[in-house]
Amino acid sequence: MLIKKHQYLAFVLPAVFFILLIIVVPFLIGIYYSFTDSNGLRSSFIGWKNFEVLFQDSTFLQSFWLTVKFSFVSVILINLVGLAFALIVTSHNNRLTKSLRTIFFMPNLIGGILLGFIWQFIFTSAFQAIAAAFHLDFFKGWLSNPSTGFWGIVILFVWQMSGYIMLIYISFLNAIPKNTIQAAVLDGAKATQIFFFIKLPQLAPAFTISLFLTLANSFKLYEQNLALTNGGPYRSTEMISMYIYNTAFVNFQQGYAQAAGIILFLCVTIVSFIQLALSRKREG
Amino acid sequence: MKKRFFKIAKLTFMLSLSLIVLTCCSFSSQKENNSKITLNFFNQKPEITAQYQKLARMYHAKHPNVNIQITTSGQGGGAAALQAKFASGEAPDIIMLGGLPEIDRYKDHLINLKDLKASKNIVPNLVSGGISNKRMVGIPVGLEAHGWSYNKAVFAKAGIDASKINNYSEFLKAVEKLNSEKKKIGIDAVFGFNGADTSSIASVSAQFTSLPYNNNLVKAFKSKTFPWKYERQMKNYYDLVKKYNVQPILSVKYDPSVQDLFFNGKVAMIPQGNWIIPTLDGLEKGYVQKNLGMLPFFVKNDGTDRLLTGSSWYLGITKDHPKRQKAAKDFINWMYTSKEAENVIINEMRFVPATKNFDVSRLPDDLSKQIYRIGTSKNAQSPVHKQYPNGFTNQALGPYIQRYFVNGISWKELKKETSAKYRQLREIQSGE
């Protein structure tokens, strides 16, 4: 018994050691720095002042609100598109659906920075060419306008994440017992009825995971933002992570940026907990 | 009990092994022979890395026991990369710093360069840009000029004589003439200003914010307010750009603006400095001598307006590695006083030297000669955009002026917001 216990420790301790060293300790130091006026090299304790200023900082509130809007839109879209992809590729089992699986998942294999540059090319050069060829103003200057810039990032992010979320839905769809569906078919249920009354309720755990993943990821979005718009035009598409980075490494107000980071952390934690609690309840 | 000991021993062994593996890489690079010295030079101008490497090789050939390792990081990431170097305890020996806010951040690490042979020779106007707490901690990299870079061929086609443009109304007339003959002379628009880049917006803004400080960059750095003294002329110029620029103005970026629009004569003017010389001559040998001219902004509009001349970058030496200080000083002295180094700087970097009593005839083109004469004259004015608070350019001034360009904000709001942000950033940052 004793040996077993220590064996357990031997396996766990190295991991715990590194988690402490790499995550927990910096996190605690970070909390301390949010109460200082650190510029990265020197710092002194200033209490709650950073937080007070933060809630009056219009740029911070603006980018925070933008991030909330972005997360809301992209969580819904990613899950819808991801689920649709999953339904398409599980509807039949042939060569087409198998290759579609790969194709839908492919964007997820490319890094965010590269994706950003690819879509930047699409939005500026390709869209511009379409606009010129068909005289469609709709395709003009997508990234130089705040609202289309926002949708540009949404499109990019949905395109990247949907394939990944699709995988989760596929695994849960495949796990649905065939006999329940067969029974429903025998009872004369239509395809829509099967989807809404048989498949959807059994997908509840999948929703929990997918919503959690997309929510956390969209709040933390940075590199796609950087590569696609870099906050432009005139900082109108600057999301919270980018705001934090710029405050820390362009303005060199690192204590202040750290305070914003703590706020972001709290928000992501609270929202994720609420979401988990709600969807767990529905799972039950 | 024995088993337990064995396990813990094994565990400790594994842990220490991994730590050794992790640290040994950094150890091996720090191993240094007493006679041999490796200087770390942190460069923030990527476009001249190759020339600095050449200088390093030349110096190494003369002083075989001094190696110069050049680290380059620029284009917005330089300041953060430099800070990371200091935070990790690997402070470079020679650092390139952009403006007093950055110098101020590292002031505790920088040594006084007053007695350096190189510093005695610096053009007096530029000295204040490297002063912190009354110590001279930075020496300018070169003399840069900013104004309207114009394409001589385009001006000639429109029949405009640039030497006859001596005040704002004459400038305006020339712009209108260029615009009315757009088709005939084959330009897309008069101006090719790259509205996408906040750093270029800042350089232009300096035309209107520098005069009140009269070359006292320390005063500019300490100022708690944004100077609006020449706002009327500022607005005039911005409105002019707004009206006659390639559109959409916020989509025009630096590289296309210089290498395509300006180089190919699709625009008549861009508001840039002599830092575009190497790019233009790189595209076509002799282009600068033939085609590039510069006009000042007419801000005072009383005949005394000249191109702004200053230095965006300063070199400093750190005291983190006392053993290497002397070698760093020797290298800087060599760079600023030896003829061979100067030749690389003026002919390959295409810099105008920031040193007094330089023989102008050695400079490779007429524009550089003109810049040296203006920069060393009594009327010389240094731009102050590098003294704005950290982040002011990218986070406040740039975005607000971009908004103004697309009519997203009125001039009055722009003034109010810019002033407020300036004060806020300055107050936070001057705390230390």
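We did not get these values from a lab; they are worked out from the coordinates using the rules stated. The structure presented is a predicted model; accordingly, all values stated were derived computationally and were not measured. Quick reminder, even Gly has a Cβ in these numbers, built from the backbone with ideal geometry, and neighbours come from all protein chains shown.
Structural remarks
- Between B:TYR52, B:ILE409, B:MET269, the Cα set farthest toward the positive side of the dipole of chain B (charges on each charged residue's Cβ, about the Cα centre) is that of B:TYR52.
- Simple spin-label estimate for A:VAL16 and A:GLN193 in nanometres, 7 Å along Cα-Cβ: 5.6
- When the charge dipole of region B:213-315 is built from unit charges on Cβ atoms (+1 for Lys and Arg, -1 for Asp and Glu) and taken about the Cα centre, the candidate among B:PRO248, B:SER223, B:SER312 whose Cα reaches farthest toward its positive end is B:SER223.
- Model label sites at B:LYS183 and B:ALA61, defined 7 Å from Cα along the beta-carbon direction, differ in position by 5.8 nm.
- Take each residue in A:244-254, count the other chain C-beta atoms within 10 Å of its C-beta, and the mean is 6.
- Here the sum of -39500 (n - 2.57) over DSSP H runs of 4 or more residues, divided by the residues of chain A, equals -23000 deg cm²/dmol at 222 nm, to the nearest 500.
- Exposed loop sites, defined as chymotrypsin sites (Phe, Trp or Tyr not before Pro) outside DSSP H, G, I, E and B with at most 16 other Cβ atoms within 10 Å, are absent from the longest region of chain A, namely A:56-221.
- Using a Förster distance of 60 Å, the FRET efficiency for B:GLU170-A:TRP151 (Cβ separation, nearest 0.05): 0.85
- Averaged over the residues of B:343-350, the number of partner chain Cβ atoms lying within 10 Å of the residue Cβ comes to 0.
- Local electrostatic count at B:THR376 - Lys and Arg +1, Asp and Glu -1, tallied over other residues with Cβ under 14 Å: +3
- Principal-axis tilt of helix B:198-209 within chain B, Cα atoms, nearest 10 degrees: 60
- Inverse mean reciprocal Cα-Cα distance (Kirkwood Rh) of region B:338-432, Å: 16.7
- Enclosed volume per residue, in Å³, of the convex hull spanned by Cα atoms of region A:217-283: 87
- Cβ-Cβ FRET estimate between B:ALA420 and B:ALA80, R0 fixed at 22 Å, reported to 0.05: 0.30
- Gaussian network model of chain A, Cα within-10 Å springs - most flexible of A:LEU80, A:LEU200, A:LEU186: A:LEU186
- Helix B:78-87 and the long axis of chain B differ in direction by around 20°, with both axes built from C-alpha atoms.
- Between A:ALA15, A:ALA191, A:ALA133, the residue with the greatest mean-square fluctuation in the GNM of chain A (Cα pairs under 10 Å linked by springs) is A:ALA15.
- Given charges at Cβ of Lys, Arg, Asp, Glu: region A:27-279 dipole, positive-most of A:ALA206, A:ALA129, A:GLN258: A:ALA206
- Cβ crowding within 10 Å averaged over residues, with B:150-161, B:79-90, B:288-299 ranked highest first: B:288-299, B:150-161, B:79-90
- Its Cα centre serving as origin, region A:27-279 has a Cβ charge dipole (Lys and Arg +1, Asp and Glu -1) of approximately 640 debye.
- Folded to 0 to 90 degrees: helix B:411-429 orientation relative to chain B principal axis, Cα: 20
- Figure legend: label point modelled 7 angstrom from the Cα of B:LYS412 along Cα→Cβ; no residues of region B:234-252 have amide N under 12 Å from it.
- Cβ crowding within 10 Å, taken as a proxy for footprinting-reagent exposure, orders A:MET166, B:MET335 from fewest neighbours to most as B:MET335, A:MET166.
- Two-decimal ratio, chain A, of alpha-carbon radius of gyration to 2.2 N^0.38 Å: 1.23
- The Rg/Rh ratio of the protein assembly as shown, with both radii computed over alpha carbons and Rh defined as the Kirkwood radius, is 1.03.
- Taken about its Cα centre, the protein assembly as shown carries a charge dipole of about 1220 debye when Lys and Arg each add +1 at the Cβ and Asp and Glu each add -1 at the Cβ.
- Span-rule helices in chain A, defined as complete DSSP H runs reaching 30 Å or more along the axis (Cα) with Kyte mean at least 1.6: A:58-91
- Where labels lie 7 Å past Cα in the beta-carbon direction, separation of A:ARG42 and A:LEU276 in nm: 4.3
- Counted charge near B:GLY293, where neighbours are those whose Cβ lies closer than 12 Å (Asp, Glu -1; Lys, Arg +1): -1
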